[in-house]
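> Pasting a structure below so you can have a look.
The values are calculated or read from the model by the stated rules, or taken from the named source; none is laboratory data. Quick caveat, the model's predicted, so the values are computed rather than measured. Backbone-built Cβ (ideal geometry, glycine too); neighbour counts: all protein chains shown. All accessible areas refer to the heavy atoms of the entire protein, side chains included, with ligands and DNA or RNA removed. Shrake-Rupley method; radii C 1.70, N 1.55, O 1.52, S 1.80 Å.
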Amino acid sequence: MKKFLRENSLGLAFGLLFLVVLIGEAVAGHADFNQRQLSEGLQPISFDRYVTSASFAVDVTENWQSEYLQFFLYIYLTVWLLQKGSPESKELHKPGRESDENQMVGAYATDTSPAWARASGLRHALFSHSLGLVMGAIFLLSWLAQSITGVAAYNEQQLGKLEDPVSWGQYLLEPDFWNRTLQNWQSELLAVTSMVVLSIYLRQRGSSQSKPVGAAHAATGVEG
């Protein structure tokens, strides 16, 4: 058990933090929702009802889709785009898909390579792009979920104001949908830009996201 925890500590720690923060969001969101209900002369709702509501679901999914958009773009753009001095970039002489030898596929696969790395045809193509494809699929699904829960939450507000609800297609053109979407996208893109640029000049000893402390500022694609 100790060996399992040590070898999987990063994933387990972030998974646990995710659950703690999600629960915290639910508790704080429930309190905020009921404050607004009372200020508008409406009855507060139970915690169970809140966490199954469209209001809570849209708040969660709008953050999920922006995170996976960040991963999707970063995975694909770093195939071709470079940043001198950043450990987040590939080395400057390695833009593009790289050779089969460098990627250890086909005839260059080793005994420990995944089976699909040694395969050819569709299996090889899918496995070679599997990370980006899955991240892109999760982004699209969570963005779809945001739009569905978003129109439900939006229509609850519309009915509360005695105004007509809108269809899903109409909601996709509403400022509410794009405001929720773009405010998350800009924050994720800013975070990636900051990480790429700041890691050129700043260090974190022992972190895989930083260059070695003594590495030159111009060293590219080098991780500590």
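> Name, by its number, the condition in (1) among the hydrophobic types (A, V, I, L, M, F, W, C); (2) part of a loop (DSSP other than H, G, I, E, B); (3) closer than 23 Å to residue 92 by Cα that does not hold for residue 191.
Going through the list (1) among the hydrophobic types (A, V, I, L, M, F, W, C); (2) part of a loop (DSSP other than H, G, I, E, B); (3) closer than 23 Å to residue 92 by Cα, residue 191 breaks only (2).
> Out of the residues in the stretch 120-144 that are under 30 Å from residue 105 (Cα atoms) and among the hydroxyl-bearing types (Ser, Thr, Tyr), which is surrounded by the most Cβ atoms within 10 Å (Cβ to Cβ)? Lay out the reasoning, then the answer.
Filtering the stretch 120-144 down to residues under 30 Å from residue 105 (Cα atoms) leaves 120-140.
Next, only the ones that are among the hydroxyl-bearing types (Ser, Thr, Tyr) stay: 120, 128, 130.
Numbers: 120: 10, 128: 15, 130: 12.
Going through the qualifying residues, I end up with 128.
> For the stretch 145-159, enumerate the residues that are open to solvent by 30 Å² or more (accessible area, probe 1.4 Å) and without any contact (Cβ under 8 Å) to a residue 60 or more places away in the chain.
Hits for the stretch 145-159 are 148, 154, 157, 159.
> Further question on the same structure: Got at least one residue in the stretch 1-17 being open to solvent by 70 Å² or more (accessible area, probe 1.4 Å), outside any helix (DSSP H, G or I), in contact (Cβ under 8 Å) with a residue 12 or more places away in the chain and more than 15 Å from residue 57 (Cα to Cα)? Before the answer, list the steps.
Here is the first cut: in the stretch 1-17, the residues open to solvent by 70 Å² or more (accessible area, probe 1.4 Å) are 1-7, 10, 12, 14, 16-17.
This time we only want the ones that are outside any helix (DSSP H, G or I), so: 1.
Pick out the ones that are also in contact (Cβ under 8 Å) with a residue 12 or more places away in the chain and you get none.
Checked the stretch 1-17: no residue is open to solvent by 70 Å² or more (accessible area, probe 1.4 Å), outside any helix (DSSP H, G or I), in contact (Cβ under 8 Å) with a residue 12 or more places away in the chain and more than 15 Å from residue 57 (Cα to Cα).
> Given 221, 214, which one is more than 16 Å from the chain's Cα centre (by Cα) and either without any contact (Cβ under 8 Å) to a residue 60 or more places away in the chain or within 22 Å of residue 59 (Cβ to Cβ) (or both)? Walk me through how you get there before you give the answer.
Values: 221 fails: either without any contact (Cβ under 8 Å) to a residue 60 or more places away in the chain or within 22 Å of residue 59 (Cβ to Cβ) (or both).
Being more than 16 Å from the chain's Cα centre (by Cα) and either without any contact (Cβ under 8 Å) to a residue 60 or more places away in the chain or within 22 Å of residue 59 (Cβ to Cβ) (or both) holds for just one of 221, 214, which is 214.
> Applying the selection to the stretch 101-119, what residues are surrounded by 14 or more Cβ atoms within 10 Å (Cβ to Cβ) and either touching a helix residue (DSSP H, G or I) at 6+ places or on another chain (Cβ under 6 Å) or under 30 Å from residue 171 (Cα atoms) (or both)?
105, 106, 108, 109, 116
> Looking only at the stretch 125-139, count how many residues are without any contact (Cβ under 8 Å) to a residue 12 or more places away in the chain and part of a helix (DSSP H, G or I).
The number of residues fulfilling the criteria is 6.
> What's the total number of residues in the stretch 78-89 that are loosely packed, with under 15 Cβ neighbours inside 10 Å and assigned to a loop (DSSP other than H, G, I, E, B)?
We begin by selecting, within the stretch 78-89, every residue loosely packed, with under 15 Cβ neighbours inside 10 Å; these are 79-81, 84.
Restricting the remaining residues to those that are assigned to a loop (DSSP other than H, G, I, E, B) gives 81, 84.
Total meeting the criteria: 2.
> Would you confirm, using the coordinates I've provided, whether residue 92 is open to solvent by 60 Å² or more (accessible area, probe 1.4 Å), at pLDDT 95 or above and either out of contact with any helix residue (DSSP H, G or I) (no Cβ under 6 Å at 6 or more places or on another chain) or assigned to a loop (DSSP other than H, G, I, E, B) (or both)?
Working: open to solvent by 60 Å² or more (accessible area, probe 1.4 Å): yes; at pLDDT 95 or above: no; either out of contact with any helix residue (DSSP H, G or I) (no Cβ under 6 Å at 6 or more places or on another chain) or assigned to a loop (DSSP other than H, G, I, E, B) (or both): yes.
No: the conditions fail for residue 92.
> Name every residue in the stretch 103-124 that is free of Cβ contacts under 8 Å to residues at least 12 places away in the same chain and either β-branched (Val, Ile, Thr) or under 30 Å from residue 61 (Cα atoms) (or both), in order of residue number.
Those that are free of Cβ contacts under 8 Å to residues at least 12 places away in the same chain and either β-branched (Val, Ile, Thr) or under 30 Å from residue 61 (Cα atoms) (or both): 110, 112.
> While we're on this one: Would you point out the residue of the stretch 23-77, among those that are of a type in the set (A, V, I, L, M, F, W, C) and assigned to a loop (DSSP other than H, G, I, E, B), that is surrounded by the fewest Cβ atoms within 10 Å (Cβ to Cβ)?
The first filter runs over the stretch 23-77 and keeps only residues of a type in the set (A, V, I, L, M, F, W, C), leaving 23, 26-28, 31, 33, 38, 42, 45, 47, 51, 54, 56-58, 60, 64, 69, 71-73, 75, 77.
The next check asks that each one be assigned to a loop (DSSP other than H, G, I, E, B); those that pass are 42, 45.
On the way: 42: 11, 45: 14.
In this case the residue turns out to be 42.
> Then there's this: Hey, any hits in the stretch 30-52 for a residue that's hydroxyl-bearing (Ser, Thr, Tyr) and touching a residue at least 40 places away in the same chain (Cβ under 8 Å)? Can you show your working first?
Taking the stretch 30-52 first, the residues hydroxyl-bearing (Ser, Thr, Tyr) are 39, 46, 50, 52.
Pick out the ones that are also touching a residue at least 40 places away in the same chain (Cβ under 8 Å) and you get none.
The answer is no; no qualifying residue exists.
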